[in-house]
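To start, the structure under review is shown below, and the notes come after it.
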Amino acid sequence: MIYLGSHVGMSGKEMFLGSVKEALSYGANTFMVYTGAPQNSKRKPIEELRINEAKELMKENGIDRFIVHAPYIINLANSVNEATFNIGVETLISELNRTHAMGSEILVLHPGSSVGCEPEVGIAKVIEGLDIALSSTENVNVVLETMAGKGSEVGRTIDELKAIFDGVKDNSRLRICLDTCHLNDAGYDVVNGFDKIIEEIETKIGKNRIACAHINDSMNPLGAHKDRHANIGEGHIGLDALRYVVHHPALDNLPLCLETPYIKDSDNPKDSRAPYKEEILLLK
Ligand code: FE
Ligand code: FE
Ligand code: ZN
């Protein structure tokens, strides 16, 4: 079965309950949420998220899986600044606990950026951080996202992700998240070679380790190392290829979420609206 949704907000009085309502308004049967602003680690206490009401509404509507995305400020690959690394590990542990309380098994994490150091140095640091976070928690999988390779991002190749899987002491709670825009920008041919990408994952990591995917078109051509998401069918990947991904057997039953940009109102450029309802219909 196909589980297709988008990222949704979590704010105001309704918090997580509002997230579920937003997903339902798009006709989605799954969704992705940040537990607060993606750029910082300030978080409301778990008791204020209205989790029980959200779970009730999900149950009524048959939503039984969704993604939580960790904030971008977590950078486990930072070998230069010990404080940044430590805050990253602490934040990751608290996000794993929040994700569990919210009822998901999936916490998506950007592996990080090696901030000018060699990728191997960054990867070693990611492994060190994951070892601490995984051994300090019992639930929820850390799901490493495939990155576009801008700057000194770690996780831009399947080999780099494999190095992390091979390096951690216990990888039983490690998974991966495919982002179609990031794969394209990293140089993986989503348009003509998605089967090959899946095969490579199968040989190096195991396709059973894929936990979810982000479905985005890309504003930039193959291998651009840019990471700018485009609306479905309006970028270099195109509708046919993205439809192929959404319906691919390797992603069956996994939550797939759009992270495409809001569409500006042509009459009033200050106004914009979510494209998700239409894009979900396009891809189904
Ligand atoms: Fe992401
Ligand atoms: Fe993504
Ligand atoms: Zn991105």
Among the residues of the stretch 44-63, which ones are open to solvent by less than 50 Å² (accessible area, probe 1.4 Å) and under 17 Å from Gly12 (Cβ atoms)? Leu49, Ile51, Ala54, Leu57
Being open to solvent by 20 Å² or more (accessible area, probe 1.4 Å), of a type outside the set (Val, Ile, Thr), within 18 Å of the chain's Cα centre (by Cα) and under 18 Å from Asn253 (Cα atoms) narrows it down to one residue among Arg173, Arg209; which is it? Arg209
Exactly one of Lys125, Lys162 is under 28 Å from Gly187 (Cα atoms), of a type in the set (Lys, Arg), out of contact with any helix residue (DSSP H, G or I) (no Cβ under 6 Å at 6 or more places or on another chain) and not in a loop (DSSP other than H, G, I, E, B), and that residue is Lys125
Residue identified as at pLDDT 95 or above, more than 16 Å from ligand 3 (Cβ to nearest atom) and either crowded, with 22+ Cβ neighbours inside 10 Å or not in a loop (DSSP other than H, G, I, E, B) (or both) among Gly235, Gly193: Gly193
Entirely in the stretch 1-80, the strands (runs of 3 or more DSSP E) that have 1 or more residues that are at negative phi and in contact with a Leu (Cβ under 8 Å, 6 or more places away or on another chain): 3-8, 67-69
Can we say Ala70 is under 15 Å from the mean Cα position of the chain (by Cα), over 30 Å from Ala250 (Cβ atoms) and small (Gly, Ala, Ser)? no
Residue in the stretch 75-82 that is open to solvent by less than 40 Å² (accessible area, probe 1.4 Å) and under 17 Å from the mean Cα position of the chain (by Cα) present: yes
Kindly establish whether Val168 is at pLDDT 95 or above and within 16 Å of ligand 3 (Cβ to nearest atom). no
Within the stretch 5-36, residues of a type outside the set (Phe, Trp, Tyr) and more than 18 Å from Ile106 (Cα to Cα) come out as Ser11, Gly12, Lys13, Glu14, Met15, Leu17, Gly18, Lys21, Glu22, Leu24, Ser25, Gly27
So which of Asp185, Asp179 is under 17 Å from the mean Cα position of the chain (by Cα), crowded, with 22+ Cβ neighbours inside 10 Å and more than 21 Å from Ala70 (Cα to Cα)? Asp185
Val89 - would you say it is open to solvent by less than 70 Å² (accessible area, probe 1.4 Å), of a type in the set (Val, Ile, Thr), touching a Gly at 6+ places or on another chain (Cβ under 9 Å) and under 30 Å from Glu118 (Cβ atoms)? yes
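Yes/no per residue for (1) among the β-branched types (Val, Ile, Thr); (2) modelled with pLDDT of 95 or more:
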{"position": "Ile67", "(1), (2)": "yes, yes"}
{"position": "Tyr72", "(1), (2)": "no, no"}
{"position": "Leu76", "(1), (2)": "no, yes"}
{"position": "Ser79", "(1), (2)": "no, no"}
{"position": "Ile87", "(1), (2)": "yes, yes"}
{"position": "Glu90", "(1), (2)": "no, yes"}
{"position": "Ser94", "(1), (2)": "no, yes"}
{"position": "Thr99", "(1), (2)": "yes, yes"}
{"position": "Ser104", "(1), (2)": "no, yes"}
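The values are calculated or read from the model by the stated rules, or taken from the named source; none is laboratory data. None of the values given here were measured: they were computed from a predicted structure. All Cβ positions, glycine included, derive from the backbone under ideal geometry; neighbour counts span all protein chains shown. Side chains included, ligands, DNA and RNA excluded: accessible areas come from the protein's heavy atoms. Shrake-Rupley method; radii C 1.70, N 1.55, O 1.52, S 1.80 Å.
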